[in-house]
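Right, one structure below, let's go through it.
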Amino acid sequence: MVCAALIAFMLAVKHPSRSSQSLQTGTGVGLHVSGRNIVEANGNSFVMRGVSHPYAWHKDQNQAFADIKRLGANALRVVLTNDVGAGEVSDVIARCKQNRLICVLEYHDTTGHGEKDEATDLDAAAGYWTGLKSVLAGQENFVVINVGNEPYGNTDTAGWAGATSGAVKKLRDAGLRHLIMVDGPNWGQDWSGVMRSNATSVFNSDPRRNIVFSVHMYGVYGTASKVTDYYDAFQNAGLPLVVGEFGWKHTDGDVDEDTIMNEAQSRGIGYLGWSWSGNSGGVEYLDLATGFDPGRLTEWGQHLFNSANGIKATAKEATVYGDRAMAR
């Protein structure tokens, strides 16, 4: 009997359980990380190609889901704020699924924390998500949780790693198993390198090892070398990266959008352009469509959707939507 027990133990070590493997290599529940890649539950690679839709400020523009899909996107990043409740979030997820889009849900109230007095911190953002557990549970094939948009401005960014790990822990402790997207500090652009330097420790702090890092690329990324150096850092670290926001120009300078898109395509990095329509305050040039009209794409919209490495040419729909049993 002792020998039998020993043999059983050795077999267990050599062939660990599926649950043990999932913690070592990323979970197999829905969308998850495998090395530098995002994959679906079936192991198929999924590369995000989409845009952000400012749902929280334009709740009457629900036709946007179908319009953006028709233009070729496979993912939609949806802006949420604290006053968007569970019923509305459930409806948003349903619209994404109806239009065969992966739904990246983004909590916007953290934007510029430390510089904007009204901005909430990542712990409060985590509380928002745990409060939505009833509508998020079971949607792991279709939903990515973007914990907090641009959660630090340009001050006190050293706190980013601890706050991010703490927010992820709060979601995991609540039982949320989704792929989690985390934005960098410096209004998302991470010019200080805090996210880049601490990404490995933050990734390893997640017991599910299911985090993708999101950099926002605006004026800081005005040259090809700035873009490729940042991509290289995550590629060399073996960590997953997406460009969670980018434009073609901005108040802080011109943006090298062609390198962002071309290099993302060659490296299998996802990107999500900002933003569908409704920008104001002097940044209306970031609208992809004029007046939410897909027939009136701006110069930026035409380039993002229709250029050689744009959304239409490079997006591949998530395979989960080919499985009718799962896509419900």
Calculated from backbone phi, Karplus (6.51, -1.76, 1.60) coupling profile of segment 176-181 in Hz, x at Gly/Pro: 7, 10, 5, 5, 10, 9
Name the residues whose placed amide hydrogens come within less than 5 Å of the amide hydrogen of Gly273, ignoring near sequence neighbours (fewer than 5 apart) on the same chain. Gly50, Val51, Ser52
Keeping to pairs on different chains or 8 or more places apart, tell me how many lysine pairs in the chain have Cα atoms under 16 Å apart. 7
Considering only the chain, percent of DSSP beta bridges that pair antiparallel, nearest 5: 20 percent
Sum up the charges of everything whose Cβ sits under 14 Å from the Cβ of Arg196, counting Lys and Arg as +1 and Asp and Glu as -1, but leave Arg196 out. -3
Based on Cα positions only, what radius of gyration and what Dmax would you give for the chain, in angstroms? 19.6, 77
Which whole number of Å³ per residue matches the convex hull of the alpha-carbon atoms in segment 85-131? 80 Å³
Measure off 7 Å from each Cα along the Cα-to-Cβ vector at Thr81 and Asp117, then give the distance between these two points in nanometres to one decimal. 1.7 nm
Per the helix-only model, the chain has a calculated mean residue ellipticity at 222 nm (DSSP H runs of ≥4, -39500 (n - 2.57) each, divided over all residues, rounded to the nearest 500) of -10500 deg cm²/dmol
Label-to-label distance, nm, for residues given as Asn236 and Asn154 (7 Å Cα→Cβ offset): 2.6 nm
Expressed in angstrom, Rg and Dmax over the Cα atoms of segment 44-89 are 11.9, 35
Can you give the Kirkwood hydrodynamic radius of segment 190-278 from its Cα pairs, in Å with one decimal? 13.5 Å
Within segment 29-322: Cβ-based charge dipole about Cα centre, in debye rounded to nearest 20 (Lys, Arg +1; Asp, Glu -1): 1240 debye
Report ³J(HN,Hα) in whole Hz for each residue of segment 283-298, in order, from the Karplus equation J = 6.51 cos²θ - 1.76 cosθ + 1.60 where θ = phi - 60°; Gly and Pro get x. 10, 4, 5, 8, 5, 8, 10, 7, x, 6, 9, x, x, 10, 5, 6
Segment 144-234: mean projected area of Cα convex hull, nm²: 5.5 nm²
Can you sort His303, His178 by how many other beta carbons sit within 10 Å, fewest first? His303, His178
Let me see the P(r) profile for segment 244-311: every Cα-Cα distance counted, bins of 5 Å, each bin given as a percent of all pairs. 4, 18, 28, 25, 16, 8, 1
Evaluate Rg over Rh across segment 146-185, taking Cα atoms for both radii and Kirkwood's formula for Rh. 1.00
Around Val135: net Lys/Arg minus Asp/Glu count, Cβ-Cβ under 12 Å: -1
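Each reported figure results from applying straightforward, stated rules to the coordinates on display, with no laboratory input. As the structure is a prediction and not an experimental result, all values here were calculated from the model. No Cβ is skipped: glycine too gets one built from the backbone with ideal geometry, and neighbour counts run over all protein chains shown.
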